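What follows draws every value from the coordinates through simple rules; no lab data is involved. The structure displayed is predicted, hence computed values, not measured ones.
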Amino acid sequence: MAIAIKLPDMGTNVEECKVLAWKVKEGDPVKRGDVLADIETDKSVAELESTAEGVLLQFRVPAGATVHTGEILAYVGQAGEAIVQGTPEAPVAAEPHPPKALTPAEAPIRTEPSGAPRISPMVRNLAAKLGVDLQQVKGTGPGGIITREDVQRAHSVRKP
């Protein structure tokens, strides 16, 4: 029976992540602990590891999509297996290793089409709430990503 791979709890105050890139293709064999995707929180880039063994049957979300903790990202099972309603979920708590954060050297450099650094939706929302112009903020995250701390620092600097 196919196993649902869910977005694990990434830590305090992290409710959503962005799937940056899938590292495997549908139909590829996977083992428990294999890296399935790179995911981005508002603070870091991490690797999503498989919690099941078999074949990657189906992606539920495309690369670039934002997902919430506990949301199903993919299904792993036996080759040719059908995915049915009520498919058991992979035990998030039983995950052998938490997602491994990438060092800045390992993290891919990502930019928006305009050439500006990428910004997570949570950081973009925080900047809007605080009235911070993201064009004036220098990103200190991996690959120049603008982090929550960068926005908060810019907000505190511009206060009278």
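Could you give the length gained on full extension between Arg60 and Leu130, defined as 0.36 nm per residue of separation minus the Cα-Cα distance, in nm?
Values: separation 70, 0.36 × 70 = 25.20 nm, distance 3.38 nm.
Working it through step by step, the gained length comes to 21.8 nm.
Find how much the distance from Val14 to Thr140 grows on full extension, using 0.36 nm per residue of separation minus their present alpha carbon separation; answer in nm with one decimal.
Extra length available between Val14 and Thr140 comes to 43.5 nm.
Is there a pair in Lys23/Lys138; Lys6/Lys129; Lys18/Lys43 whose C-alpha atoms are over 21 Å apart, and which pairs would that be?
The answer is Lys23/Lys138; Lys6/Lys129.
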